[in-house]
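Scroll down for the structure; my scribbles are underneath it.
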Amino acid sequence: MEGRLKTRDTGFCAEKLRSEFAILQQTYQEQPLIYLDNAATMQMPDAVKRRIVQHYERDNGNVHRGIHVLSTRTTEAYENARTLIAEQLGAKNREQLIFTAGTTDAINQVCSMTAPFLMPGDEIMVTQMEHHSNFLPWMQLAKQSQAKLVVIPVLEDGKLDLEQFYRKMSHRTKIAAFTQLSNVTGVKNPVEKMSSYIRNHTDALILVDGAQGIVHMGYGMPDCDFYCFSGHKLGALTGIGVLCMSERAQKICRPARFGGGTVYQVSETEMLLKDGAERFEAGTPNYAGAVSLAEACMFWKQYPGRAVREHETRLLTVLEQELCNIPSVRILAKGQEKTGCLSFVSSVAGAYDLCTHFNRYGLAVRSGHHCAQPYLNALGIQSAVRVSVAPYNTMAEIQRAAEIIRETITYFERILENGPHEHGRGRRRYKK
């Protein structure tokens, strides 16, 4: 694959793309900043910043409840954002798209919406691979409803144990929730295959966590009843997200929240809820966030998805090859196809110490359990270093990152060999 990617002319140039991100032009400790923490948040394109400023300088007014020019402009921008994002997801109807505060908020809302359907003894299915945001809400819901939380294990290679998935699916399964793409190992789940099996064997509602998938796997909504993601993963503002509901889910689910904007009429004893998306969006929405998300989607639409994905795959392939040459490094899900990120541990130093040292040389990566402790426990570790890429990362950055990782590990090996007195010696400058 590496040879093919080297020779293929995709027409995509990461170096040119970087000019659209002012934050990436800076240096730290007199060395270029290498930002490889994109799974946590993607940097915001300058075009999105300009659109946000334009909104606040020209258009800002509350949506839906005003006929003056500023309210009208903001309402139009907000609803246009809904239409644009729904179209990119392939939703049948723009009213299926609900704006939320992010992935975590969306999943918690779905838990509240689906709680009335659960009876004692029913089952909620999740996987060991999940981010805590797609694990803890279901754990709480299972306890409150006296349902059973069924957790599908992963294999030693980091992939989901599909045999266990098939075996544990039953008529008692009422909700199945799983991630599209691991935020730790970059391993993809066969979402369409899993959804098809669920549809053919149960009437369970399906939630797919697309927080990572939306960035690296295209905008198409998989076959599910609830699809959610966060805007900041695409370079939009924080505090904005999307919950795209199937027509089936919208018909049977009542809102998780009630308040202004969700009703046609209210009496002292009754209320008549609105149809469509508005019934699920209580209170003043984050309209500036929605505008920023629409702008981010339009920005990324300029770049061919296949070329971008091949570029990111090439970056991770080269990095994995480099890390495989370091004896003390263990790559999680080694040899598996990775999308978006790669994580590793070292026998000579913990993830926190490694990342602290990396930061001295401008390498921004993440350490910890990555809000996925059941997954890391299954892989036999407590924390790991995660390197996550974006379209604007370059091969030169990956090569420099590999050099910093290699020399940092050599530094810690020297400490182990010669004792802690080595730790106090002067820092070495890595070559630019």
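Treat every Asp and Glu Cβ in the chain as -1 and every Lys and Arg Cβ as +1, leave all other atoms uncharged, and give the resulting dipole magnitude about the Cα centre to the nearest 20 debye.
So the dipole magnitude of the chain works out to roughly 540 debye.
Please report Thr75, Thr103, Thr284 as a ranked list, fewest other C-beta atoms within 10 angstrom at the top and most at the bottom.
Listing Thr75, Thr103, Thr284 from fewest to most nearby Cβ atoms yields Thr284, Thr75, Thr103.
For the pair Glu87/His68, report the inter-label distance in nm, with labels modelled 7 Å from Cα in the Cβ direction.
3.1
How would the chain be classified by its alpha-carbon gyration tensor: rounded, prolate or oblate, with rounded meaning a/c under 1.5 and the a/b versus b/c comparison settling the rest?
Verdict is oblate for the chain.
Once you put a point 7 Å from the Cα of Ala282 and another 7 Å from the Cα of Tyr28, both along the Cβ direction, what distance in nm separates them?
Output for this residue pair reads 4.0 nm.
Hey, could you get me the Stokes-Einstein D for the stretch 1-118, Kirkwood radius over alpha-carbon pairs, 37 °C and 0.692 mPa s, rounded to whole µm² s⁻¹?
In µm²/s, the coefficient is 174.
Have a look at Pro374, Ser388, Trp300 and report the one farthest towards the positive end of the charge dipole of the chain, computed about the Cα centre with Cβ charges (Lys/Arg +1, Asp/Glu -1).
Ser388
Among Trp138, Trp300, which comes first, second and so on when ranked by fewest other beta-carbon atoms within 10 Å?
Trp300, Trp138
Report, in debye and to the nearest 20, how large the dipole of the stretch 24-112 comes out about its Cα centre when Lys and Arg carry +1 and Asp and Glu carry -1 on their Cβ.
With only Lys, Arg, Asp and Glu charged at Cβ, the dipole is about 300 debye.
Could you give the alpha-carbon Rg of the stretch 48-301 over 2.2 N^0.38 Å, rounded to two decimals?
For the stretch 48-301, the normalised Cα radius of gyration is 1.04.
Treat each spin label as a single point 7 Å out from the Cα along the C-beta direction, and report the His201 to Glu417 distance in nm.
Result: 5.4 nm between the two label points.
In whole Hz, with x marking every Gly and Pro, tabulate ³J(HN,Hα) for the stretch 99-112 from phi via Karplus 6.51 cos²θ - 1.76 cosθ + 1.60, θ = phi - 60°.
These are the phi-based 3J(HN,Hα) values: 7, 10, 8, x, 4, 4, 4, 4, 5, 5, 5, 4, 4, 5 Hz.
Along the three principal axes, how long is the stretch 18-75 when you take its alpha carbons, biggest first, rounded to the nearest angstrom?
Principal extents (Cα only, largest first): 52, 22, 17 Å.
What's the exposure ranking of Leu141, Leu36, going from fewest to most Cβ atoms within 10 Å?
Placing the least packed residue first, the sequence is Leu141, Leu36.
Through the Karplus equation 6.51 cos²θ - 1.76 cosθ + 1.60, θ set to phi - 60°, convert the phi angles of the stretch 196-212 into ³J(HN,Hα) values in whole Hz; use x for Gly and Pro.
Once rounded to whole Hz, the list reads 4, 5, 4, 4, 7, 10, 9, 10, 5, 7, 10, 10, 10, 7, x, 4, 9.
Let me make sure I get this right: for the stretch 273-432, a, b and c are the square roots of the gyration tensor eigenvalues over alpha carbons, sorted descending. Under 1.5 in a/c it's rounded, otherwise prolate if a/b > b/c, else oblate. Which is it?
prolate
Let's see if you can work this out: charge +1 on each Lys and Arg Cβ, -1 on each Asp and Glu Cβ, no other charges. What is the dipole magnitude of the stretch 48-301 about its Cα centre, in debye to the nearest 20?
For this selection, approximately 160 debye.
Contact order normalised by length for the chain, with contacts defined as Cα pairs under 8 Å and 6 or more residues apart; what percent is it?
Taking the mean separation of contacting Cα pairs over the length of the chain, I get 22 percent.
From the residues Thr356, Gly102, Gly235, which one has its Cα farthest along the dipole of the chain in the positive direction, the dipole being from +1 and -1 charges on Cβ of Lys/Arg and Asp/Glu about the Cα centre?
Comparing the listed Cα positions along the dipole, Thr356 ranks first.
Based on the alpha-carbon gyration tensor of the stretch 312-394 and its eigenvalue square roots a ≥ b ≥ c, which shape applies: rounded if a/c is under 1.5, prolate if not and a/b is larger than b/c, or oblate?
Taking the square roots of the gyration eigenvalues as a ≥ b ≥ c, the stretch 312-394 is rounded.
Counting DSSP beta bridges in the chain, what percent are antiparallel, to the nearest 5?
About 60 percent, rounded to the nearest 5.
Note the angle between two axes, namely the Cα long axis of helix 395-418 and the longest principal axis of the Cα atoms of the chain, as a number of degrees from 0 to 90, rounded to the nearest 10.
With rounding to tens, the tilt is 60 degrees.
Computed from the coordinates by the stated procedures, all read-outs in this text should not be read as laboratory data. Note that the structure is a prediction, hence the values are computed from the model and not measured. Glycine also receives a Cβ, built like all others from the backbone with ideal geometry; neighbour counts cover every protein chain displayed.
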